[in-house]
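See structure below.
The values are calculated or read from the model by the stated rules, or taken from the named source; none is laboratory data. What you are looking at is a predicted structure, and each value in this text was computed from that prediction instead of being measured. So basically every Cβ, Gly included, is an ideal-geometry build from the backbone, and we count neighbours across all protein chains shown.
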Amino acid sequence: MNLSTFSQGKPRINTSHPEDILAQCAMGIAACRELSKGTNASELALAFDGVSAYMPVLKAIVTESVQYKKKAANFVTQCARIKTALGRIGWQQENLQQATINAQEAVSFARVADDPALLISSQVSLAWVYYYDHRSQQGLQVLQDALNTFKQSPSLPHSFEVRIYSAQAVLEAKTGQHPEEALQRAHSALHKAANKDYYVFSDAIVPDAVVIVSLKWG
């Protein structure tokens with residue numbers, strides 16, 4: 001993998017041309033995403049530092065450029081999501097606090113990006129961070145927002161609905177509520193996804209299917 005985009009955690013970019021910055025950031029973010037999937041500590045640190053280095057200039061583009069505002073916001077969201085995943089490793093309290101900040105930022109910029117799919121993914125991630133931080137009630141509120149986003153976006157595949165309801169069932173169970181309705185809705189959405197969204201029935205859905213089965217039969 002070519003990591004020449006990075007120099008001690010800083011991207012080599014020309015800040016006077018937003019389109020060039022975004023092109024370089026796209027490559028860098030993709031590299032960081034691949035590194036974040038590994039287990040090597042130095043590569044995980046490089047991924048975290050890499051996306052952290054891109055975020056300031058991307059945020060500047062969001063603020064200053066009408067033409068590239070949404071695209072830059074999309075990239076900021078992707079960076080924040082990678083930082084959320086990497087920053088919460090180990091689930092120590094300080095890591096959870098930072099993961100919460102990153103996850104909240106991802107949600108905020110996903111709204112600016114006007115990307116419902118990215119917004120829902122970010123909202124579900126934030127809900128899970130709240131879950132591990134023993135704030136499941138806040139997570140349920142975020143999932144309700146995610147559900148509203150899904151209902152307002154009829155073109156989105158049902159896989160998003162599966163993720164929302166399966167997370168809702170877990171968080172409801174965690175708070176002592178009855179998750180049966182959410183579980184039933186998740187199960188129904190899973191069948192819809194399998195029948196209609198076969199092209200997205202992949203790794204994104206399988207973990208939620210496992211959750212549904214374990215809650216239903218466990």
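Just so you know, in the range 46-96 the residues that are more than 19 Å from the chain's Cα centre (by Cα) and within 30 Å of HIS134 (Cβ to Cβ) include one that is modelled with the highest pLDDT, and it is GLU94. None of ALA45, ALA60 is in the same structural domain as GLU19 (by TED's automatic domain parsing), farther than 17 Å from VAL112 by Cβ and in a helix (DSSP H, G or I) except ALA45.
Of the residues VAL76, VAL129, the single one that is touching a Leu at 6+ places or on another chain (Cβ under 8 Å), assigned by TED's automatic domain parsing to the domain that holds ALA41 and aliphatic (A, V, I, L, M) is VAL76.
Does ALA103 satisfy the condition of being in contact with a helix residue (DSSP H, G or I) (Cβ under 7 Å, 6 or more places away or on another chain), outside the structural domain of THR175 (by TED's automatic domain parsing) and touching a residue at least 24 places away in the same chain (Cβ under 8 Å)?
Here the answer is yes, as ALA103 does meet what is asked.
Every residue in the range 181-193 that is among the charged types (D, E, K, R) and modelled with pLDDT under 90, please. Once the filter is applied, which keeps residues that are among the charged types (D, E, K, R) and modelled with pLDDT under 90, the range 181-193 yields only LYS192. Residues in the range 165-191 that are farther than 17 Å from SER125 by Cα, surrounded by fewer than 24 Cβ atoms within 10 Å (Cβ to Cβ) and in contact (Cβ under 8 Å) with a residue 24 or more places away in the chain: ALA173, THR175, PRO179, LEU183, ARG185, HIS187, LEU190. The set of residues in the range 25-54 that are under 21 Å from ALA110 (Cβ atoms) and surrounded by 19 or more Cβ atoms within 10 Å (Cβ to Cβ) comprises CYS25, GLY28, ILE29, CYS32, SER36, ALA47, PHE48, GLY50, VAL51, SER52, ALA53, TYR54.
Exactly one residue out of LEU156, LEU147, LEU143, LEU118 is within 24 Å of THR63 (Cβ to Cβ) and hydrophobic (A, V, I, L, M, F, W, C): that is LEU118.
Determine which single condition ARG81 fails, assuming it passes every other condition in (1) touching a Phe, Trp or Tyr at 6+ places or on another chain (Cβ under 6 Å); (2) within 27 Å of LEU171 (Cβ to Cβ). Here ARG81 meets the rest and fails (1).
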